[in-house]
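The structure appears below as structure tokens.
No lab work stands behind these numbers, since they all come straight from the coordinates. Just so it is clear, the model here is predicted, and its values are computed rather than measured. Backbone-built Cβ (ideal geometry, glycine too); neighbour counts: all protein chains shown.
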Amino acid sequence: MVRTKKKERHEKLMHHVKEKPFLTDDELSKLLNVSIQTIRLDRAELGIPEVRERIRKVAEEAHDKVTTIEKDDLVGELIELEPGHSGVSLLRVTDDMVFAKNKIAKGHYIFSQANSLALALINAPMAVTGVANIKYKVPVKVGEMLVAKAEVIRQRCNKFFVWVKTRNDREEVFRAKFIVVSLADVK
């Protein structure tokens, strides 16, 4: 195991955390080729919070940008949002989200994550889903982390065409094309 000098390691650590704030200590230790304890000590020395705190901070910043729906109406944890352009959310599949018999996620949770993310992208006081074209590609099991990425492909008047792709750690599991209608002028 080739070790890097402390100053160089600190610079690399800060760079990795800035680029990907959701890297765990284990992942960082593998990237920097040091022990997990070394990563923890380096994080403490540099004032870098643990991954849960980093995720919470990024999520709070993203939530502050949502205007279309209430923050509590979002399914999943919003971690990135550029209104009118793109966004990312995370959803961990828990026991209450799966069928008891086979431990496969119920589709409405996956759909709801994608749909609420699509609505959050629209920078309007109110919007609704007009059309949804969806495809479930692979069954999702309990414990999996789903990452939904949404992008506004085009806008025509008050209609926004939003594509959402949802992945687990291996492959795409769901995709959707939404037409979200802004009701900004509706009283």
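Once backbone amide H atoms are built at 1.01 Å from N, residue 78 has 90 as its partners under 5 Å, excluding neighbours fewer than 5 places away on the same chain.
Among residues other than residue 138 with Cβ under 9 Å from its Cβ, the summed charge is 0 (Lys and Arg +1, Asp and Glu -1). Considering only the Cα atoms of the stretch 61-182, their convex hull presents on average a projected area of 6.9 nm².
So which of 7/57; 6/30; 101/137; 20/57; 106/141 end up more than 18 Å apart, counting from Cα to Cα? Mind showing how you got there, number by number?
Numbers: 7/57 26 Å; 6/30 16 Å; 101/137 20 Å; 20/57 13 Å; 106/141 9 Å.
Over 18 Å Cα-Cα: 7/57; 101/137.
Per-peptide packing, taken as the mean over residues of other Cβ atoms within 10 Å, places 105-117, 26-38, 164-176 in the sequence 105-117, 164-176, 26-38 from highest down. Close amide H contacts of residue 126 (hydrogens built in the peptide plane, cut-off under 5 Å, sequence separation of 5 or more or a different chain): 183, 184.
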